Amino acid sequence: MLTAWDGYTRVDYLHAPGRVRISLLTVEPVVHRRIRRGLACAFAAGDLTGPPAVLELDVGWGETEDLLLGPRLMDVITGIRGPGSRSRSIRLELDEVAALADRWAPYRSQVLGVPAESGRLADGFWTSFLKLGLAKVIRSLPVAADPVYRAGDDCGFAWQPLRLPVPLAQDAGVEPLARWVAYRQLADGVEESGVVIHATALPGRRKDLHAGLDDRDDSWVVFEPDPDDPTLLVAELPVVPGRGEPALRFRTEGRWPSRSIQTC
Amino acid sequence: MAEPFHPDLLRDAAARLPGIDPGAIDAVVERGIQFAQRLSRPVPEDAYPLLAVSLRAGIDDLVLATQVIEEVSRPELPPVLVTMVTTAVLSRPELSDPVAAARTVLNRAASRRFPEDGPGPGPLLWQIAEYRAALDELTGSEPDLERYLRDLTASPGTMQAFAEFLGGAELFVQLTRTELDVPELDEVVCDGTSPDSETITSWLLAELYAGTSSSQRRVVTEWLTGLRSPTSQDDLAFLVDRIRRVERRLACCPSPAPRLDLPELERVRPVVSAAVRNGLSFPPLWTDRSAAINLAASKLRLETNTATWPISMLVASVVVRSLHQDVHQAADPDRPLDCACGADLHSLRTPRRPDEVCPHRPWPEPGRVEDLTTLARTARVGDENLAQLHLKRYQGLWREWIGDARDRMD
């Protein structure tokens, strides 16, 4: 009987332009979840380290999908976006399935409802936090000339803690415990809002730590040391509260590489 | 369809069958014409003698299915699904070109919408439902994907149940039946003498091939002769089981060793003999042990209903290791979260001494790969005591291979 680890994979180009579905044929029951606009996935409910069993995603928006899917799947997707066959079967080798499972770990923990894990990239780690309530907090803030700061639900002006997965924190050389606060202000009559995130640098080697919203636009800001306190790392991320609650992503690595990803 | 088929060649072949009478020859040719129509593909000239035998024996369904499977198989498609789709197509006589029909079914594009958030059947069941929908469309009936998925979810979830759902299960069962034609070894009494390398070689060959079907023997032979890719998933759990049989046997090789009479042994014996003389170096079964553990654990969950994820990971972590690797009986609560070899954070790994526990050892590196602490961490069970308790209580597949680890842990 087949499981996702067998690597028998089906890639379908769906009717929506740019949307593909990737299925790793498994008989194990799955849990489905729409992560955000342009990304839905399912993971085997009984496999806490498994690869995604189903992925449905819009490709062509950023580099995230290149990075998370890996070169083999991206080549297949490029192939079926042209004229001709709209579906393709491929066999992923065991190491490729394992790499897929490692890269998608943060979404797997979101879907299966376990604490946030690190996803492993070719040269670093990443993770994503859902349900922080960023947009809700921002909407609850008054719009004033001076910035108004407030953290998550019912916490007044206190900072909201955020526990980074240990491998990601180690790779970046920061304390696992970070914190965030939302702000909203009028600057020259223009409304601005977003979150400020603080991390604490540990002595010794570290890679850059980046934060971004988990959306199709794929934009990132890098944490910079505070001029007065170099152990304090600060990132400011503009957030315009719109439809839905954005998830917050973190990653190490100097750049978000594309096309040159190693599969294992 | 005007495909080349030569009834005269079939008639000649049938006439050469021993003890056949003229009436039976006519019957064979008559069936042969129907067969050729069903196949809708040329019949190669050298296939007529075999075809005549099959037609006379009334197993032309099997021959037809084998022909279609050969035509539509591709390495990226699971063989069991190709067989299932073929037998489903052949169970619908109105599909006049089974090869084309099977290809259409196998290539059908996904049509189901991504479901709402929550639990649901695995994508293999979606795929079977899509196959059924494609078969419906080919035969002019209206598909009902959601009902199919409900039916499949309620089924026992075996390949045979899926074949019954698609139609043609009887033929599917015949085609996928595996018969163990080499018997299991008898119990032996260890005689305490130290065996020579010839005896050990014979014993290992017996363990590698005992209790197998012909297709399993091919898997063993391809592995031993270096034809198997170390990144392949196919039959990995079966081969890990063979490794453990070999390991168990090495402790007890009384004289004389059993002699198997198998044609492949001529080719394989020198390989195993060389391995015995060179420190038991068999070709690698994996490049990344943790990936092999995950694959084996997923198979254990399907085979053993009671194996939850932690238990399947515990058992697989104990069993999936090369002949030179073992499980340490102790716990090490002081072990840091990162392995000393550095594989957790960096792609480059530093080899460790054999007496250190390192779960990341590659296939040929001898030494300890697990202890109770690494097992408890990998399987995410609370602590070492719980890991040990789970292993002690385990009664599912591979229980005989954790017995050693279990006993040593006492």
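Points to keep in mind about this one:
- Inter-residue pairs, beta-carbon under 7 Å, first over 15 Å from residue B:127 (Cβ atoms) and in segment B:138-165, second among the basic types (Lys, Arg) and modelled with pLDDT under 95, 6+ apart: B:139/B:92
- Residues in segment B:178-198 that are over 27 Å from the mean Cα position of the chain (by Cα) and either more than 22 Å from residue B:223 (Cα to Cα) or in a loop (DSSP other than H, G, I, E, B) (or both): B:188, B:189, B:190, B:191, B:192, B:193, B:194, B:195, B:196.
- Checked against (1) of a type in the set (Asp, Glu); (2) over 16 Å from the mean Cα position of the chain (by Cα); (3) more than 7 Å from chain B (Cβ to nearest Cβ), residue A:47 passes all but a single condition, namely (3).
Table: residues versus (1) touching a His at 6+ places or on another chain (Cβ under 9 Å); (2) surrounded by fewer than 16 Cβ atoms within 10 Å (Cβ to Cβ); (3) modelled with pLDDT of 90 or more; (4) more than 14 Å from chain A (Cβ to nearest Cβ).
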site: B:74; (1), (2), (3), (4): no, yes, yes, no
site: B:78; (1), (2), (3), (4): no, no, yes, no
site: B:81; (1), (2), (3), (4): no, no, yes, no
site: B:84; (1), (2), (3), (4): no, no, yes, no
site: B:91; (1), (2), (3), (4): no, no, yes, yes
site: B:101; (1), (2), (3), (4): no, no, yes, yes
site: B:104; (1), (2), (3), (4): no, no, yes, no
site: B:108; (1), (2), (3), (4): no, no, no, no
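- Total residues in segment B:296-323 satisfying the condition of being within 14 Å of chain A (Cβ to nearest Cβ), more than 19 Å from the chain's Cα centre (by Cα) and either in a helix (DSSP H, G or I) or hydrophobic (A, V, I, L, M, F, W, C) (or both): the figure is 7.
- Residue count, segment B:231-265 (criterion: at pLDDT 95 or above and touching a Ser or Thr at 6+ places or on another chain (Cβ under 8 Å)): 1
- Residues satisfying the stated conditions in segment A:180-204, i.e. part of a strand (DSSP E or B) and free of Cβ contacts under 8 Å to residues at least 24 places away in the same chain: A:187, A:190
- When the residues of segment A:82-106 are filtered to those that are out of contact with any Gly (no Cβ under 8 Å at 6 or more places or on another chain) and in a helix (DSSP H, G or I), the one that is farthest from residue B:117 (Cα to Cα) is A:95.
- Qualifying residue in segment B:353-369 (condition: assigned to a loop (DSSP other than H, G, I, E, B), surrounded by fewer than 18 Cβ atoms within 10 Å (Cβ to Cβ), within 14 Å of chain A (Cβ to nearest Cβ) and under 31 Å from the mean Cα position of the chain (by Cα)): yes
- Residue B:27 buried (at least 18 other Cβ atoms within 10 Å of the Cβ) and part of a helix (DSSP H, G or I): no
- In this entry, residue B:237 is excluded by the filter for residues that are without any contact (Cβ under 8 Å) to a residue 40 or more places away in the chain, within 25 Å of residue B:397 (Cα to Cα) and part of a helix (DSSP H, G or I).
- Residue in segment A:5-15 that is at the interface with chain B (Cβ under 9 Å from one of its Cβ atoms), within 21 Å of the chain's Cα centre (by Cα), at pLDDT 95 or above and not in a loop (DSSP other than H, G, I, E, B) present: no
- Some residue of segment B:138-145 being among the small types (Gly, Ala, Ser), in contact with a Leu (Cβ under 9 Å, 6 or more places away or on another chain) and assigned to a loop (DSSP other than H, G, I, E, B): yes
- Given (1) in the same structural domain as residue B:82 (by TED's automatic domain parsing); (2) more than 29 Å from the chain's Cα centre (by Cα), number of the condition residue B:71 does not satisfy: (2)
- Of all residues in segment B:110-147, those being within 12 Å of chain A (Cβ to nearest Cβ) and over 25 Å from residue A:1 (Cβ atoms) number 3.
- Restricting B:176, B:153 to those that are touching a helix residue (DSSP H, G or I) at 6+ places or on another chain (Cβ under 9 Å) and more than 30 Å from residue B:210 (Cα to Cα) reduces the list to B:153.
- Sole exception among (1) at pLDDT 95 or above; (2) in the same structural domain as residue B:378 (by TED's automatic domain parsing); (3) not charged (D, E, K, R) for residue B:350, by number: (1)
- Across segment A:16-37, the number of residues qualifying as under 30 Å from residue B:156 (Cβ atoms) and buried (at least 19 other Cβ atoms within 10 Å of the Cβ) comes to 12.
- Residue B:326 vs. criteria acidic (Asp, Glu), more than 10 Å from chain A (Cβ to nearest Cβ) and surrounded by 15 or more Cβ atoms within 10 Å (Cβ to Cβ): yes
- Checking residue A:50 against (1) buried (at least 23 other Cβ atoms within 10 Å of the Cβ); (2) free of Cβ contacts under 8 Å to residues at least 24 places away in the same chain, the condition it does not meet: (2)
- Residue count for segment A:22-38, restricted to those that are in a strand (DSSP E or B) and within 7 Å of another protein chain (Cβ to nearest Cβ): 7
- Unique match (being surrounded by fewer than 12 Cβ atoms within 10 Å (Cβ to Cβ) and closer than 21 Å to residue B:100 by Cβ) among B:22, B:18, B:4: B:4
- Test set (1) closer than 23 Å to residue B:95 by Cα; (2) at pLDDT 90 or above - residue B:147 fails condition number: (1)
- Here segment B:163-177 is the region considered, the condition is being outside any helix (DSSP H, G or I) and at pLDDT 90 or above, and the residue that is surrounded by the fewest Cβ atoms within 10 Å (Cβ to Cβ) is B:167.
- Residues (in a helix (DSSP H, G or I) and within 17 Å of residue B:197 (Cα to Cα)) located in segment B:267-290: B:268, B:269, B:270, B:271, B:272, B:273, B:274, B:275, B:276, B:277
- Filtered residues of segment A:187-213 (kept if surrounded by 15 or more Cβ atoms within 10 Å (Cβ to Cβ) and acidic (Asp, Glu)): A:192, A:208
The values are calculated or read from the model by the stated rules, or taken from the named source; none is laboratory data. Since the model is a prediction, treat every value here as computed from it, not as a measurement. So basically every Cβ, Gly included, is an ideal-geometry build from the backbone, and we count neighbours across all protein chains shown.
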